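A.B. asks: Sharing a structure here in C-alpha cells format.
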Amino acid sequence: MSLKIPVTVVIPVKNEELNIVHCLQRVSGFDQIMVIDSNSTDNTAKIAREHGVEVHQFDWNGQFPKKRNWVLRNLPIKNDWVLFLDADEYMTDEFIIELQQAIKNPDYNGYWIVFVNYFMGRQLKHGDPFKKLPLFKVGTGEYERIQEDSWSHLDMEVHEHPIIEGKVGSFKSTIIHNDYKGLEKYIARHNAYSTWEANRFMTLKKEGFKGLNKRQKFKYKLMESGFLPMVYFVGSYIIKLGFLDGKEGYFFAKYKANYFLQIQTKINELKKI
C-alpha cells in the first residue's frame, strides 16, 4: 500500500449532500480527513461516514472561536500541515502533485491558492481571480479574530483570512470551485454574506479601519463612496475580460456587482437605525 499524503484535510459543512461526494472522491489519498458538520438536516454527515472519514459536530454559541479556529484549537490534528477545503471545492491531480512537493519545503509555512470558478455549469476563465490561503502549517497561525459576537450569524470564517507567521508562497496549480446547489442557494448565501459585510463595515468605521491590507482598505473606500458595484463590474467584466466567458461571465459579474450593491444599501439602512 502506498503511503498517505501527510496532510489533514478539514471540510466544514452544513447541508452539502449535493457537493460533498465530489469533494470526498478527491481526498482519499490524504492521511486524515475531517468533516466538520453544523448539524446538517440532509444526508451530509451520513455520506461522509460512508466514505470512512471523521465526522465532528460543531455547535456554535455565537462567540469566538468559529468553526475553523475551533478545529485548530480543539481537535487532534495528526499532521504538520492542514488544508481547509469547502464541500464545493475539488482538488486536481496537478494540485495534489504540487502539494506533495510544497509541504517538503522548510522555507514556507503556508500557501496562497487560486480557485478556478464554475458558474451556471461553465468554467470562468477570465474576470477577477479568486484566491485564498487554505494550506498552512499547524501552529503557525489561525484565522483572524473579528469582534462580532453581538451581531454575526455566520458560524464559520467565510471572510476572515489566516494570519500566518513566516514566509507564505503561492501555488501554480489550482483547485476547482463548482457549487452544484444552483442559483437559489447561491443568492440566499450571498444575501446572508452581504448582511455580515454591512455589519462588519459599521464596526470597522467605529474602529477606524485598522489592521486591513491594501486591497481591503481600497474595497472599503469604494464601498463608502458608493462606487464599488460599478467599479467591480467594469474591472472584472471589461478590463479583466470577463465578457469572453459568454453569458455566464456576464451573469456572474452582474450577480457579484449586485452583491456589493446589497452591502452598500444595507450599510445605508444600518446608518439610519
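The values are calculated or read from the model by the stated rules, or taken from the named source; none is laboratory data. In this text the structure is predicted, and so the values were computed from the model without any measurement. All Cβ positions, glycine included, derive from the backbone under ideal geometry; neighbour counts span all protein chains shown.
A.B. asks: When residues of the range 1-32 are filtered for being more than 16 Å from Phe58 (Cα to Cα), in contact with a helix residue (DSSP H, G or I) (Cβ under 8 Å, 6 or more places away or on another chain) and not in a loop (DSSP other than H, G, I, E, B), how many remain?
C.D. replies: Within the range 1-32, residues that are more than 16 Å from Phe58 (Cα to Cα), in contact with a helix residue (DSSP H, G or I) (Cβ under 8 Å, 6 or more places away or on another chain) and not in a loop (DSSP other than H, G, I, E, B) number 5.
A.B. asks: Residues to consider are Arg68, Arg73; find the one that is in contact with an Asp or Glu (Cβ under 6 Å, 6 or more places away or on another chain), charged (D, E, K, R) and touching a residue at least 40 places away in the same chain (Cβ under 8 Å). Lay out the reasoning, then the answer.
C.D. replies: Details: Arg73 fails: in contact with an Asp or Glu (Cβ under 6 Å, 6 or more places away or on another chain).
Being in contact with an Asp or Glu (Cβ under 6 Å, 6 or more places away or on another chain), charged (D, E, K, R) and touching a residue at least 40 places away in the same chain (Cβ under 8 Å) holds for just one of Arg68, Arg73, which is Arg68.
A.B. asks: Tell me, please, whether a residue that is surrounded by 14 or more Cβ atoms within 10 Å (Cβ to Cβ), within 15 Å of the chain's Cα centre (by Cα), among the β-branched types (Val, Ile, Thr) and not in a loop (DSSP other than H, G, I, E, B) can be found in the range 195-204.
C.D. replies: Among the residues of the range 195-204, not one is surrounded by 14 or more Cβ atoms within 10 Å (Cβ to Cβ), within 15 Å of the chain's Cα centre (by Cα), among the β-branched types (Val, Ile, Thr) and not in a loop (DSSP other than H, G, I, E, B), which makes the answer no.
A.B. asks: Please work out which residue is surrounded by the most Cβ atoms within 10 Å (Cβ to Cβ), limiting yourself to the range 33-62 and to residues that are aliphatic (A, V, I, L, M) and not in a helix (DSSP H, G or I). It would help to see each step written out before you state the result.
C.D. replies: Of all residues in the range 33-62, those aliphatic (A, V, I, L, M) come to 33-36, 45, 47-48, 53, 55.
Now narrow it down to the ones that are not in a helix (DSSP H, G or I): 33-36, 53, 55.
On the way: Ile33: 24, Met34: 21, Val35: 26, Ile36: 22, Val53: 19, Val55: 19.
So the residue we want is Val35.
A.B. asks: Also, I was wondering about something else. Given the conditions (1) within 25 Å of Phe84 (Cβ to Cβ); (2) touching a strand residue (DSSP E or B) at 6+ places or on another chain (Cβ under 6 Å); (3) part of a helix (DSSP H, G or I), which single one is not true for Phe171?
C.D. replies: Looking at each condition in turn, Phe171 falls short on (3).
A.B. asks: Being assigned to a loop (DSSP other than H, G, I, E, B), crowded, with 21+ Cβ neighbours inside 10 Å and either β-branched (Val, Ile, Thr) or out of contact with any Asp or Glu (no Cβ under 9 Å at 6 or more places or on another chain) (or both) is the filter here; which residues of the range 86-111 pass it?
C.D. replies: Those that are assigned to a loop (DSSP other than H, G, I, E, B), crowded, with 21+ Cβ neighbours inside 10 Å and either β-branched (Val, Ile, Thr) or out of contact with any Asp or Glu (no Cβ under 9 Å at 6 or more places or on another chain) (or both): none in the range 86-111.
A.B. asks: Look at Gly110 and say whether it is at pLDDT below 95 and either within 27 Å of Ser152 (Cα to Cα) or in contact with a strand residue (DSSP E or B) (Cβ under 7 Å, 6 or more places away or on another chain) (or both).
C.D. replies: Numbers: at pLDDT below 95: no; either within 27 Å of Ser152 (Cα to Cα) or in contact with a strand residue (DSSP E or B) (Cβ under 7 Å, 6 or more places away or on another chain) (or both): yes.
No; evaluated as a whole, the condition is false for this residue.
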